[in-house]
DNA sequence: GTCCGATCTATTGGATCCAATAGGAGGTGA
DNA sequence: TCACCTCCTATTGGATCCAATAGATCGGAC
């Protein structure tokens, strides 16, 4: 697999996260293969990887398609994040170095400058994942990343729908989180983080239209 | 992929969970392929699936091997279980039917009959996973199952080491859990469950020799 | 004697080809 | 006109073959 498979998987993942391939859409092996000038084999293996990540569903002899998720599924995934991300943060927090902290602060400054939805999504993701970056437990970081990926589409839809009116809440939460992180206070940090995720989950529940189509 | 890949993956998974292929051991594609009278292709795809589950590690051009996990990694995975399994139970609990409850009770009765280590491992696993069986959130059940699988080898080593002396604690915990489940009390059930997992984690930490070789 | 390099072999990665399955189009019967 | 059956095509699954990489072994030079 390795290099070719990885390239294809990265490309498809980016396309799905970017909303270029949306829920319900099918992914044909041949199309992707031609697009890469490669054979179908690495594409098949890449699709398997994505299936394992929950980014596509694979039905035998029918191919892969991006799954449509219900509000309840997203809700539970957010609750999983509430449970797991404080753990990842606690693992990471003691070993985050000065460069990480500086970068985290930079990202937040840029968010506060008032960016558009797509940029916000990218920065917000980088912000949080960066706080976990020193966590060396593979199963944990992998699971957390998968949860981010699988919910990305609906987070985008939600953001486009609600606009930046509540952005100040995010900023306040991020600032509290950063402060706790810099103090290496994992209890505080975990609490702010869980609250941050929970609030987002609750707000998402108020917009069932995100899951309508 | 489908049928052949699935068969190979199931077989390899069973072999790894059963301890037939242990940590550090390499898995050669050709060997497995011959063993199945199939080509290497489904084996490759099966190995990818297992890699996604964390049951093997895959290094480019070097092949797959079962990873050796440190005590700290196992400890964190147990903490992940403490966080996630109460969630899975809460999802499952309201919709568990009478047949499930009966089966859960049967399993516990058999455990109490005093079985050997291998049987205990199998029954204990079936016991817990059965309580989650009505949870329909794929990401959650998948993640929980993966955590069980990835830690199985060390659970076995621990059990063989300590013998059945503390089996009565497990039985008491299981009984309390069953009672809460039958009352559909998700708070109680979640608490007993988290405690059950936590106690096992703590006891595991007392036996670093499990991770020595 | 030891260290470095080259070749050789075992094993994996990727491409092409063939088989099998699913879904649809078209035709035929009632 | 509608239902059902058959055939056809598009697409995926699997096998075989070839290329590339890593590790080992052997040889040579210092």
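The values are calculated or read from the model by the stated rules, or taken from the named source; none is laboratory data. Here the structure is a predicted model, which means the values were calculated and not measured. As a convention, Cβ positions derive from the backbone with ideal geometry for all residues, glycine included, and neighbour counts pool all protein chains shown.
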Given the conditions (1) at the interface with another protein chain (Cβ under 9 Å from one of its Cβ atoms); (2) more than 20 Å from the chain's Cα centre (by Cα); (3) in a helix (DSSP H, G or I), every one holds for residue B:61 apart from (3)
Return the residue satisfying two criteria in turn: it lies in the range A:114-145 and is under 24 Å from residue B:140 (Cα atoms) and more than 13 Å from the chain's Cα centre (by Cα), and of such residues it is surrounded by the most Cβ atoms within 10 Å (Cβ to Cβ). A:131
Candidate set: the range A:1-56, residues that are outside any helix (DSSP H, G or I) and crowded, with 19+ Cβ neighbours inside 10 Å; chosen: the one nearest to DNA strand C (Cβ to nearest atom): A:1
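Would you confirm whether or not the range B:105-116 contains a residue that is facing another protein chain (nearest Cβ under 10 Å) and either touching a residue at least 12 places away in the same chain (Cβ under 8 Å) or more than 16 Å from DNA strand C (Cβ to nearest atom) (or both)?
Filtering the range B:105-116 down to residues facing another protein chain (nearest Cβ under 10 Å) leaves none.
No: zero hits.
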Kindly provide the set of residues from the range B:1-56 that are within 10 Å of DNA strand D (Cβ to nearest atom) and under 25 Å from residue A:146 (Cβ atoms), ordered by number. B:1, B:2, B:5, B:6, B:8, B:42, B:43, B:44, B:45, B:46
Let me confirm something: among B:94, B:86, which residue is within 14 Å of chain A (Cβ to nearest Cβ), over 19 Å from the mean Cα position of the chain (by Cα) and not in a strand (DSSP E or B)? B:94
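Where residues in the range B:64-74 are assigned to a helix (DSSP H, G or I) and more than 9 Å from chain A (Cβ to nearest Cβ), which of them is farthest from the chain's Cα centre (by Cα)?
Taking the range B:64-74 first, the residues assigned to a helix (DSSP H, G or I) are B:71-74.
Okay, now just the ones that are also more than 9 Å from chain A (Cβ to nearest Cβ), so B:71, B:74.
On the way: B:71: 17, B:74: 12 Å.
The extreme case among them is B:71.
When you scan the range A:111-123, do you find a residue that is closer than 15 Å to residue A:149 by Cβ, assigned by TED's automatic domain parsing to the domain that holds residue A:164 and touching a helix residue (DSSP H, G or I) at 6+ places or on another chain (Cβ under 8 Å), even just one? Walk me through how you get there before you give the answer.
At the first step, the residues of the range A:111-123 found to be closer than 15 Å to residue A:149 by Cβ are A:121-122.
Now restrict to residues that are assigned by TED's automatic domain parsing to the domain that holds residue A:164: A:121-122.
Going one step further and asking which of them are touching a helix residue (DSSP H, G or I) at 6+ places or on another chain (Cβ under 8 Å), we end up with A:121.
Yes: one or more hits.
Listed here are the residues, each with its yes/no results for (1) in a helix (DSSP H, G or I); (2) touching a residue at least 24 places away in the same chain (Cβ under 8 Å); (3) over 21 Å from the mean Cα position of the chain (by Cα).
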position	(1), (2), (3)
A:162	yes, yes, no
A:165	yes, no, yes
A:177	yes, yes, no
A:195	yes, no, no
Verdict on residue B:60 being on the phi < 0 side of the Ramachandran plot, in the same structural domain as residue B:150 (by TED's automatic domain parsing) and surrounded by fewer than 19 Cβ atoms within 10 Å (Cβ to Cβ): no
Looking at A:143, A:162, which is the one that is within 14 Å of chain B (Cβ to nearest Cβ) and farther than 18 Å from residue A:192 by Cβ? A:143
Checking the conditions here, which among A:89, A:101 is away from DNA strand C (no atom under 16 Å from the Cβ), touching a residue at least 40 places away in the same chain (Cβ under 8 Å) and over 22 Å from residue B:143 (Cβ atoms)? A:101
Those residues of the range B:121-140 which are more than 18 Å from residue B:78 (Cβ to Cβ), away from chain A (no Cβ under 14 Å) and in a helix (DSSP H, G or I), in sequence order: B:122, B:123, B:126, B:130
Over 23 Å from residue B:50 (Cβ atoms), surrounded by fewer than 22 Cβ atoms within 10 Å (Cβ to Cβ), at pLDDT 95 or above and more than 15 Å from DNA strand D (Cβ to nearest atom): which single residue out of A:89, A:69 fits that description? A:69
Of the conditions (1) under 27 Å from residue A:73 (Cα atoms); (2) surrounded by fewer than 17 Cβ atoms within 10 Å (Cβ to Cβ), residue B:180 fails just one. Which one is it? (2)
